[in-house]
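Structure record follows, encoded as structure tokens.
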Amino acid sequence: MPPKPTYRIATIPGDGIGKEVIPAGQRAVEAVSKRHGFEVVWDEFDWSCERFAETGRMMPHDGIARVRSHDAIFLGAVGFPGVPDHVSLWGLLIPLRRELDQYANVRPVKLLRGIRSPLQGRGPEDIDFVVVRENVEGEYSEVGGRVYAGTEREAAVQEAVFTRHGVDRIMDFAFGLAQNRSRRHVTSATKSNGIVHTMPFWDERFRAAAERYPAVETSQYHIDILTAHFVLHPDWFDVVVASNLFGDILSDLGPAVAGSIGIAPAANINPDRSFPSMFEPVHGSAPDIAGRGVANPVGAIWSGAMMLEHLGHPEAAQELEVAIESSLGSPRSRTRDLGGSADTKAALRAVLSALP
Ligand code: GGG
């Protein structure tokens, strides 16, 4: 008998509810791994704001080298009161995404059966799209600085960086994804009326990509009206391609119209597979509910499903997604953000017991 494939996954629970939802995601992945004949070995790293308080660093100097040869990374949440948010993000999440060249952040938005959208009259057939966020450049940039700090003349300058290489490859990723979906449509998020250099360039590269994918239909909207369309016409969208900042904002708004950010998954993908990809729920560390055992584990479990798909186990991933959806049918299996009464453990148990 051939040996079972074994995957080494680096887990970084991180901060706040990350520590509560990642163990739930691990249990769910293990449950399907048995049925699908592969094994998962977890290496846990305590990189977090707590570690920062003890050592002055979110992760050790050689942190990237320590996770570079894993098959994937499973991350919880980053950020906690006491450490400035830009310090925690630039000390952990952003270096991981950049140094492992995870340039495509894929964030599905789907209204699952059993969940009520806050939008009146909208059902699962109306909300099913994917936000593809450029993940390693754009508005998230270290270029800039402060001058005349602490004086009346103080000024802060922040440069956005959009390269042809970076924009073209995220466009190709988004169009490639759309080409394999039934609706074959890509919407670009822009702001080329106000942002006078980078966004007209983004639009130009979007048009160039559209020519390479004649089977895919396109639309583009300025980000301001696009947010309104997310609420008023979520059924217009299939794949939405956006810069780093716009994609971050849209991928919180999207899950909100699909019922809760607590269920939203994300994959930070290195498409050429020269580095491990990283899977994380979209939500943050939620300090207001951390430590109470009431966080929604679905975002982490669904991110685990995306990881299994990436590792080459689409059937296992599909089983998990179906189990998530069927578990959400009963209010007793849903956490409070979804109007239910379950705690994290009960919500996990419901997913596990919905597996075949
Ligand atoms: N699990 C995702 C997380 O912790 N996100 C924190 C956050 O603020 N991220 C900002 C970003 O993704 O750009």
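Listing for the model above:
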| read-out | value |
| --- | --- |
| For the stretch 117-258, alpha-carbon Rg relative to the globular expectation (2.2 N^0.38 Å, N residues) | 1.17 |
| Once the Cα gyration tensor of the stretch 12-67 is diagonalised, semi-axes √(5λ) in Å | 27, 14, 5 |
| Listed residues Phe162, Phe175, Phe38, most fluctuating in the chain (Gaussian network, C-alpha, under 10 Å) | Phe38 |
| Ser274/Tyr148 FRET efficiency (R0 45 Å; Cβ-Cβ; nearest 0.05) | 0.55 |
| For the chain, calculated [θ]222 nm from helices alone, where every DSSP H run of n ≥ 4 adds -39500 (n - 2.57) | -11500 deg cm²/dmol |
| Choice from Arg35, Arg107, Arg273 with maximal GNM fluctuation in the chain (Cα, 10 Å cutoff) | Arg35 |
| Within the accessible area of the chain (1.4 Å probe), percent carbon and sulfur | 52 |
| Debye log10 I(q)/I(0) for the chain, one point scatterer per Cα, at q = 0.13 Å⁻¹ | -1.06 |
| Within the chain, percent of DSSP bridges classed antiparallel, to nearest 5 | 40 |
| Å² per residue, accessible surface of the stretch 117-258 at 1.4 Å | 49 |
| Interchain or long-range residues, amide H under 5 Å from Thr187's placed H | Ser219, Asp238, Val239, Val240, Val241 |
| Residue among Ser326, Ser48, Ser141 with the largest mean-square fluctuation in a Gaussian network model of the chain, springs linking Cα atoms under 10 Å | Ser141 |
| Within the stretch 117-258, percent of DSSP bridges classed antiparallel, to nearest 5 | 30 |
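The values are calculated or read from the model by the stated rules, or taken from the named source; none is laboratory data. Treat the numbers as computed from the prediction; the structure is a model and nothing was measured. Ideal geometry is used to build each Cβ from the backbone, glycine not excepted, and the neighbour counts take in all protein chains shown. Just the protein is used for accessible areas: all its heavy atoms, side chains included, with ligands, DNA and RNA removed. Shrake-Rupley method; radii C 1.70, N 1.55, O 1.52, S 1.80 Å.
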